[in-house]
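So the structure is just underneath, and the comments pick up after that.
The values are calculated or read from the model by the stated rules, or taken from the named source; none is laboratory data. Just so we're clear, the structure is a prediction, and the values are computed from it rather than from any experiment. Reconstructed Cβ throughout: ideal geometry from the backbone, glycine too, with neighbour counts over all protein chains shown. Please note that ligands, DNA and RNA were not included when accessible areas were found on the heavy atoms of the full protein model with its side chains. Shrake-Rupley method; radii C 1.70, N 1.55, O 1.52, S 1.80 Å.
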Amino acid sequence: MTEPDLTPFVQRWHRRHLLDLESLSAEEITTLLDVAQVLKEATDGCRRKLSLLSGKTCANLFFENSTRTRNSFSLAAKRLGADTVEFGSSGSSVSKGETFADTAKTIEAMGVDWVVTRHSTPGTANLLARELGCCVLNAGDGPHEHPTQGLLDLLTIRQHRGSLQGLTVALVGDIAHSRTARSNIWGLKKLGAHVIICGPPTLVSPRWEELGFEVAHHLDEILPRCDVLNLLRVQFERQHARPFPSVREYAALYAMSASRMQRAKDNILIMAPGPINRGVEITPEVADGPHSVILEQVTNGIAVRMSALYLLSAADRLNAS
Amino acid sequence: MNTPLLIENGVLVDPSQNLNRRGRLLIHNGIIAAIDPADGDLIAGCRVIDAAGCLIAPGLVDLGVELREPGFEEDETIHSVSHAALAGGFTSILANSGTDPVIDSHGAVEFVRQKAAQALGAKIHVVGCLSKGGDGKQMAELGLLTRAGAVAFSDAPRAIPNDALLKRALEYCRMLNRPIFDRPEVPELASGGVMHEGQVSLVLGLKGLPTEAEDLAVARDVRLAEATDGRLHVGPVSTMGSVDMLRRVKSRGIVVSASVCPHNLMLSDAEMRSYESRFKVHPPLRSPRHVETLCQAVKDKTIDAIQSGHMPRSREKMMNDLDQTPFGISSLETALATAATALVKPGILNWMELIDRMSTQPAQIAGIDGGTLGIGKPADIVLIDPNQSWDVDPNQFRSTCISTPFEGMRLTGRVTAAIVDGEVRFEAN
């Protein structure tokens with residue numbers, strides 16, 4: 001199989017780290033999506049292997065548990081011919097009291113080209129980018145951002161609608177604790193979508209309005225206007241005090257169900273970053289229904305991660321030369 | 001006894017006597033012997049200090065330094081904090097129970113006082129722990145602690161969450177004529193927070209410390225002070241809500257005092273965008289509107305005093321992620337310059353007012369000697385070059401804590417010497 005020519009994209013990309021979408025321009029996000037699309041097609045839907053990054057090594061440094069993101073990054077690296085090193089926090093030196101920065105420096109000293117990091121505290125990827133010499137990819141830092149998740153959501157919408165411009169996209173649920181929400185919020189805004197942030201007031205701050213976003217608390221009221229619904233998982237593990245009285249009440253107010261689907265546009269896209277709590281944010285018939293693009297999101301995750309690894313590496317090479 | 005000193009060619013700035021003019025000062029036997037002595041009154045063999053271009057002011061008094069010895073000597077020792085204080089122009093500091101065990105016994109007070117006396121730095125006054133073991137429930141032996149030398153009581157660095165305890169203590173302390181210091185915060189509302197709750201924390205995904213966690217505590221504190229007629233000081237405060245509440249009760253004639261940290265007068269929560277732990281201070285850096293309000297409140301005396309807010313933590317502790325890193329700041333050596341840069345440079349305060357807020361007022365609030373160049377008073381004096389700009393380099397600190405939000409920043413106003421009981425204990429190079 002021939003390798004795709006990505007030179008024109010590389011000329012538009014100058015960053016060595018992918019830490020968030022807030023600081024990226026619309027052009028940079030578009031470049032990431034364009035390269036993801038090219039690589040997805042060149043790998044036959046992320047199934048075949050290229051050798052664009054052979055000889056390079058990607059370290060997965062996950063201080064917080066993850067299955068899908070971690071495997072997705074590993075596969076992305078392998079699909080482009082790179083090697084991977086896996087590092088988890090349980091049973092490691094972190095549980096022996098080492099700081100995360102020291103652990104990361106140790107891994108870097110083993111000779112890696114990218115560190116993909118996940119941590120429960122916001123800003124940890126930013127700190128590593130300052131401390132390490134290699135490329136740093138944020139795979140989720142507490143409730144702050146999860147840029148590749150934002151990108152895969154954008155790519156999925158773009159594949160179905162051609163463009164984000166003018167679309168109304170609602171992010172529903174636990175915005176307060178969601179890094180996916182924050183990455184989506186900035187990515188969607190930059191690409192011209194109208195963003196509605198919807199959930200109970202204990203999970204959706206009115207300050208989002210001050211920042212120029214629409215805030216809603218009643219899903220049924222906004223549903224008929226939405227082109228896309230992104231149903232965010234309720235992050236019970238991050239909540240210090242339960243922000244709503246019961247799961248039953250939450251589901252009654254916010255779960256996307258078959259009866260709610262009747263109020264939605266005919267061509268609405270139903271998305272969820274997963275893992276999904278079936279029956280809480282989404283009922284099984286919607287999750288598995290014709291409007292759901294949840295599994296496409298997973299495949300696109302590999303595509304955007306290949307894109308990010310490739311572009312950061314290219315910028316790194318330019319930087320070195 | 002110490003060599004007599006004659007400080008000349010400087011400007012005497014003493015709010016306690018409304019003194020702001022060129023003059024010279026004679027110090028003998030550890031006390032201020034004369035202002036503008038006649039040549040015939042000069043003492044043979046006295047050392048002459050040329051204070052040309054400098055202010056000669058009463059030594060600064062810090063209402064709240066977190067003491068870490070005994071228990072956490074890796075953060076700061078009594079010796080290093082007393083010398084860091086001097087380098088910052090503080091000749092007296094009030095030290096509270098950031099220690100383990102807390103200072104709730106005669107022996108604990110004695111330990112601190114002895115160590116402080118040996119250090120030959122700034123004077124350290126003990127703030128006794130208000131509750132037994134710092135548990136926030138039962139009153140410590142406040143009478144016996146007073147006898148041992150404690151000058152005030154507080155559960156700082158912790159808040160006093162128990163309303164009934166605070167009320168009882170305010171009543172009880174009337175007999176001792178000692179003030180109670182509360183660090184105002186409702187723990188349930190502040191739990192887990194790492195920075196000011198606002199737009200910046202929302203975007204960064206960091207857990208916020210809401211302003212109402214402080215506002216509610218200040219409201220409770222001033223109401224209990226009014227109800228008991230007790231001596232209460234709240235601080236450090238950091239919110240517009242606190243200022244508003246203090247302004248209202250003071251206008252009604254209720255006697256209560258308050259203090260603020262200099263970094264809260266200069267920096268805002270936007271600094272947290274760097275995710276650096278050196279900006280994780282408590283109270284947190286708030287939004288610019290709060291900063292502006294606090295500066296005005298210092299001007300109009302709604303806030304009486306500026307305290308350093310020194311909370312030393314070792315380098316290792318400050319090297320973690322923002323959730324794990326403790327609140328910490330090394331601020332003794334930057335406090336004066338920060339306050340001068342934030343308040344005097346833009347013309348909000350003059351130097352007389354700044355010395356009032358950092359020396360005269362805090363000495364009065366604490367009920368200790370200091371804050372004056374009055375004849376016959378202990379010669380605790382600071383010399384300040386008001387125009388000297390300098391770049392903050394934490395590696396030059398006397399403090400063992402080097403975490404500062406001002407690292408690499410240029411500040412104006414520098415301490416050139418500090419004198420304690422007539423002895424020159426600090427001189428800048």
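What's the Kirkwood radius of segment A:1-51 in Å, using all Cα pairs?
On the way: mean 1/r = 0.0826 Å⁻¹.
About 12.1 Å for segment A:1-51.
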Ordered by number, the residues of segment A:109-129 with at least 40 Å² less accessible area in the assembly than alone (1.4 Å probe) are A:Thr121, A:Pro122, A:Leu127
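Quote the charge dipole size of segment A:148-297 about the Cα centre in Debye, to the nearest 20; the model charges only the Cβ of Lys and Arg (+1) and of Asp and Glu (-1).
On the way: 16 positive and 15 negative charges, 55 e Å.
Once rounded to the nearest 20, the dipole reads 260 debye.
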Would you give the gap between the C-alpha center of segment B:1-41 and the C-alpha center of segment B:320-350, rounded to a whole Å? 31 Å
So the carbon and sulfur contribution to the accessible area of chain A, 1.4 Å probe, in percent, is 50 percent
Largest first, please: the extent of the C-alpha atoms of segment B:309-428 along each principal axis, to the nearest Å. 51, 30, 27
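Can you pull the mean other chain C-beta count within 10 Å for peptide B:203-211?
6
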Using alpha carbons only, how many angstrom separate the centre of segment A:33-63 from the centre of segment B:157-196? 57 Å
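Once you order the gyration tensor axes a ≥ b ≥ c over the Cα atoms, which shape class does segment B:183-297 get: rounded for a/c under 1.5, otherwise prolate or oblate by comparing a/b with b/c? Please report the intermediate quantities before stating the final value.
Values: a/c = 2.53, a/b = 1.86, b/c = 1.36.
In terms of gyration-tensor shape, prolate.
Report for chain B the percent antiparallel among DSSP-assigned beta bridges with both residues inside it, nearest 5.
On the way: 31 of 60 bridges.
Here the antiparallel bridges make up roughly 50 percent for chain B.
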List, by residue number, every residue in segment B:303-334 with a reduction of 20 Å² or greater in accessible area between the chain on its own and the complete protein assembly, 1.4 Å probe. B:Met319, B:Asn320, B:Asp321, B:Asp323
Which of the residues in segment A:138-176 lose at least 20 Å² of accessible area when you go from the chain alone to all protein chains together (probe 1.4 Å)? A:His144
Shape of segment B:105-232, Cα gyration tensor, a/c cut at 1.5: oblate
Taking segment A:128-237, which trypsin sites (Lys or Arg not before Pro) meet the DSSP loop condition and have no more than 10 other C-beta atoms within 10 Å? none
Rounded to the nearest 5, what % of the DSSP beta bridges within segment B:1-157 are antiparallel ones? 40 percent
For segment A:257-321 and segment B:198-265, write down the distance between their C-alpha centroids in whole Å. 46 Å
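About its Cα centre, what dipole magnitude does chain A give when the only charges are +1 on Lys and Arg Cβ and -1 on Asp and Glu Cβ, stated in debye to the nearest 20?
On the way: 34 positive and 35 negative charges, 67 e Å.
The dipole magnitude comes to about 320 debye.
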Among A:Asp34, A:Asp102, A:Asp141, which one shows the highest mean-square fluctuation when chain A is modelled as a Gaussian network with alpha-carbon springs under 10 Å? A:Asp102
In square angstrom, what is the accessible area per residue of segment B:171-303 with a 1.4 angstrom probe? 36 Å²
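In the protein assembly as shown, what percentage of the DSSP-assigned beta bridges are antiparallel, given to the nearest 5? Write out the running numbers ahead of the final one.
Values: 31 of 95 bridges.
Counting DSSP beta bridges with both partners in the protein assembly as shown, the antiparallel share is about 35 percent.
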If contacts are Cα pairs under 8 angstrom and at least 6 residues apart, what is the relative contact order of segment A:135-227 in percent? 28 percent
For the protein assembly as shown, convex hull of alpha carbons as volume per residue, Å³: 174 Å³
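Determine the sum of side-chain charges near B:Phe406: Lys and Arg each +1, Asp and Glu each -1, restricted to other residues whose C-beta is under 11 angstrom from that of B:Phe406. Mind showing how you got there, number by number?
Numbers: positive: B:Arg278, B:Arg410; negative: B:Glu271, B:Glu333, B:Asp391, B:Asp393, B:Glu407.
Net local charge, B:Phe406 excluded: -3.
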Rounded to the nearest 500, what is the protein assembly as shown's calculated 222 nm mean residue ellipticity when only DSSP H runs of at least 4 contribute -39500 (n - 2.57) each, over all residues? -9500 deg cm²/dmol
Report in % the part of the accessible area of segment B:62-366 that belongs to carbon and sulfur, leaving out ligands and nucleic acids; probe 1.4 Å. 50 percent
What is segment A:148-297 by shape, rounded, prolate or oblate, if you read a ≥ b ≥ c off the alpha carbon gyration tensor as root eigenvalues and call it rounded for a/c under 1.5, prolate for a/b larger than b/c, and oblate otherwise? rounded
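Heavy-atom accessible area per residue, chain A, 1.4 Å probe: how many Å²?
Values: 12450 Å² over 321 residues.
Here the residues of chain A average 39 Å² of exposed surface.
Give me the net charge of A:Asn65's neighbourhood, meaning all other residues with Cβ under 15 Å from the Cβ of A:Asn65; Lys, Arg count +1, Asp, Glu -1. Spell out each step's value before the answer.
Working: positive: A:Arg68, A:Arg70, A:Arg118, A:Arg179, A:Arg233, A:Arg238; negative: A:Glu64, A:Glu86, A:Asp141, A:Glu237.
Neighbour charge sum, excluding A:Asn65 itself: +2.
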A versus B: buried accessible surface, summed, Å² (probe 1.4 Å, to nearest 100): 1700 Å²
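Would you please calculate the Kirkwood hydrodynamic radius of segment A:7-87 over all C-alpha pairs and express it in Å, rounded to one decimal? All intermediate terms of the calculation are to be shown ahead of the outcome.
On the way: mean 1/r = 0.0712 Å⁻¹.
The Cα-based Kirkwood calculation yields 14.0 Å.
Where nothing but the Cβ of Lys and Arg (+1) and of Asp and Glu (-1) is charged, how large is the charge dipole of the protein assembly as shown around its Cα centre, in debye to the nearest 20?
Details: 76 positive and 88 negative charges, 200 e Å.
The calculation lands at about 960 debye.
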Provide Rg and Dmax in Å for chain A, with only Cα atoms included in the calculation. 19.3, 59
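Tell me the relative contact order for segment B:62-366 as a rounded percent, counting alpha carbon contacts under 8 Å between residues six or more apart. Display every interim value, and only then the final one.
Details: 666 pairs, mean separation 50.1, N = 305.
So the answer I get is 16 percent.
Tell me, what is the per residue accessible area of segment B:70-124 in Å², probe radius 1.4 Å? All intermediate terms of the calculation are to be shown ahead of the outcome.
Details: 1840 Å² over 55 residues.
I get 33 Å² per residue for segment B:70-124.
Work the Kirkwood hydrodynamic radius out for chain B: mean of 1/r over every pair of different alpha-carbon atoms, inverted, in Å. Intermediate results must be reported in sequence, preceding the final value.
Working: mean 1/r = 0.0466 Å⁻¹.
Here the Kirkwood hydrodynamic radius works out to 21.4 Å.
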